[in-house]
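Participant: Attaching a single structure in structure tokens format; questions to follow.
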Amino acid sequence: MSHTPKILLIYTGGTIGMIKDFETGALTNFNFDDLLKHIPELQLLDCAIETQSFPNPIDSSNMSPVYWADLATMIEDAYEDFDGFVVLHGSDTMSYTASALSFMLQNLAKPVIFTGSQLPIGDLRTDAKENLITSIQIAALKEKGRPKIAEVGLYFEYKLYRANRTTKITAEHFEAFASLNYPPLAESGVHLAINEAALLQPNRRKKLKVHKNLDSHIVLLKMFPGLDRDTVAHMFSFSKMKGLILETYGSGNVTSEDWFLELLKEVNQRNIPIVNVTQCSGGSVSMGLYETSVGLKKLGVISGKDITTEAALAKMMYLLGQEIPAENFKMFFETPLRGEMM
Ligand code: ASP
């Protein structure tokens, strides 16, 4: 017998629940119960909604792996009792958190939908209501008594994306996120159109496994014309560095000056994995296509393929936390684990 879907709504902070401070004029978080008063429509939805909130909701610029572990714990503790989860989160770092959760929640077979808004819920022109209401409807979707979506998604401005494929692209427009290398999982118009072929198919026989041990000792180096040897040498001398992500040009290219490859070689000799991701929003790394990436390929640099920087950071923190042997790191990183890369 089908029952009314039970949804857990988790509030972490962000614009959606913020209010203008009278003295400073800046947006700060307000009480979660006040937030719910602004959306009486929630009572009209055909699902049972329960709510939980971070004790002190945060602007997502203060997000960290410690909060990610708290969030994972909230979902883990409630996993058996709910059909789906909706996480309200600031948009600034939403793609990072949602990417991290996608790796932390192994064998996920229920929807975890991240959403937020560009304008507070109390604002007359707010985008919060549609984002929140449709997110809850998506989290409540069932087929043959089972959740329709079984992965971490991000819903914003009429589109549901695979969360670990997204990037925040604008601080102005309501359509704040893009997923240039993967199609939307669903689009909300007059009907909610699900892109069946794009959904992750879970292995329902396996139990949810939650990984909270993340290692964030990562250096992220964005290439730019003028980047000099001293700066790079200084960054690479960080003794606690466990992983290096290069944000390269185009299809994975870097300067072919000797000093750069020499410094990378030294990192390599320290058994520190080096991942190549492109600073383009769309497309993929393809080392060896140009002369300027041949050196990286020879060095055994890991290809981030079409992964976003947000997902690459999350995946590296997750894999470093797994303490897998250095010789297997490349193989694990280049394998899609949660649909985050081709
Ligand atoms: N600064 C806010 C945050 O990320 C912006 C937002 O919620 O959209 O928490």
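Participant: Give just the number: which of (1) away from the ligand (no atom under 16 Å from the Cβ); (2) over 19 Å from the mean Cα position of the chain (by Cα) does Pro111 not satisfy?
Facilitator: Status for Pro111: all satisfied but (2).
Participant: Another question about this same structure. Restricting segment 55-108 to residues that are of a type in the set (Val, Ile, Thr) and more than 16 Å from the ligand (Cβ to nearest atom), which is surrounded by the fewest Cβ atoms within 10 Å (Cβ to Cβ)?
Facilitator: Val66
Participant: To continue, here is another question. Give me the pairs: first residue in segment 105-117 and in contact (Cβ under 8 Å) with a residue 12 or more places away in the chain and closer than 18 Å to Glu80 by Cβ, second residue assigned to a loop (DSSP other than H, G, I, E, B) and more than 16 Å from the ligand (Cβ to nearest atom), beta-carbon distance under 6 Å, and six or more apart or on different chains, which are they?
Facilitator: Asn107/Lys206; Asn107/Leu208; Ala109/Ala150; Ala109/Pro202; Ala109/Arg204; Pro111/Ile149
Participant: Could you check how many residues of segment 124-142 are assigned to a helix (DSSP H, G or I) and either within 12 Å of the ligand (Cβ to nearest atom) or under 18 Å from Asn203 (Cα atoms) (or both)?
Facilitator: Of the residues in that region, 2 qualify.
Participant: Does Glu41 qualify as being closer than 27 Å to Ala150 by Cβ, away from the ligand (no atom under 16 Å from the Cβ) and at pLDDT 95 or above?
Facilitator: Values: closer than 27 Å to Ala150 by Cβ: yes; away from the ligand (no atom under 16 Å from the Cβ): yes; at pLDDT 95 or above: no.
It is false that Glu41 is closer than 27 Å to Ala150 by Cβ, away from the ligand (no atom under 16 Å from the Cβ) and at pLDDT 95 or above.
Participant: Now for a separate question. Restricting attention to segment 148-192, which residues are farther than 24 Å from Asn107 by Cα and among the aliphatic types (A, V, I, L, M)?
Facilitator: Ile169, Ala171, Ala176, Ala178, Leu180, Val190, Leu192
Participant: I've got another one for you. In the set Ala100, Ala109, which member is within 27 Å of Ile307 (Cα to Cα), in a loop (DSSP other than H, G, I, E, B) and hydrophobic (A, V, I, L, M, F, W, C)? Working first, answer last.
Facilitator: Details: Ala100 fails: in a loop (DSSP other than H, G, I, E, B).
The match here is Ala109.
Participant: Also: State all residues of segment 221-272 that are in contact with a helix residue (DSSP H, G or I) (Cβ under 7 Å, 6 or more places away or on another chain), of a type in the set (A, V, I, L, M, F, W, C) and under 19 Å from Glu334 (Cβ atoms); if no residue qualifies, say none.
Facilitator: Leu244, Ile245, Val254, Val267
Each row is one residue, and each column tells you yes or no for (1) on the phi < 0 side of the Ramachandran plot; (2) within 19 Å of the chain's Cα centre (by Cα); (3) surrounded by fewer than 17 Cβ atoms within 10 Å (Cβ to Cβ).
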| position | (1), (2), (3) |
| --- | --- |
| Leu160 | yes, yes, no |
| Thr170 | yes, yes, yes |
| Ser188 | yes, no, no |
| Ile194 | yes, no, no |
| Lys209 | yes, yes, yes |
| Lys212 | yes, yes, yes |
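Participant: I would also like to ask the following. Mind checking which helices (runs of 4 or more DSSP H) fall wholly inside segment 276-342 and carry at least 1 residues that are under 21 Å from Pro225 (Cα atoms)?
Facilitator: Ranges flagged: 291-298, 309-321.
Participant: When you go through (1) of a type in the set (Asp, Glu); (2) at pLDDT 95 or above; (3) more than 25 Å from Tyr96 (Cα to Cα) one by one for Glu310, which number turns out not to apply?
Facilitator: (3)
To keep it simple, each residue is scored yes or no on (1) of a type outside the set (Asp, Glu); (2) within 30 Å of Arg125 (Cα to Cα); (3) touching a strand residue (DSSP E or B) at 6+ places or on another chain (Cβ under 6 Å); (4) at pLDDT 95 or above.
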{"residue": "Glu172", "(1), (2), (3), (4)": "no, yes, no, no"}
{"residue": "Glu175", "(1), (2), (3), (4)": "no, yes, no, no"}
{"residue": "Asn181", "(1), (2), (3), (4)": "yes, no, no, yes"}
{"residue": "Ala186", "(1), (2), (3), (4)": "yes, yes, yes, yes"}
{"residue": "Lys209", "(1), (2), (3), (4)": "yes, no, yes, yes"}
{"residue": "Gly226", "(1), (2), (3), (4)": "yes, no, no, yes"}
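Participant: Continuing with this model, one more query. If I filter segment 155-168 for residues that are among the polar types (S, T, N, Q) and within 16 Å of the ligand (Cβ to nearest atom), do I get at least one hit?
Facilitator: Yes, the conditions are met somewhere in segment 155-168.
Participant: Hey, another quick one. Name, by its number, the condition in (1) within 19 Å of Glu50 (Cβ to Cβ); (2) more than 16 Å from the ligand (Cβ to nearest atom) that does not hold for Ile121.
Facilitator: (2)
Participant: Can I ask one more? Ile10 - would you say it is closer than 21 Å to Phe156 by Cβ, away from the ligand (no atom under 16 Å from the Cβ) and modelled with pLDDT of 85 or more?
Facilitator: No: the conditions fail for Ile10.
The values are calculated or read from the model by the stated rules, or taken from the named source; none is laboratory data. All values derive from a computational prediction rather than experimental measurement. Backbone-built Cβ (ideal geometry, glycine too); neighbour counts: all protein chains shown.
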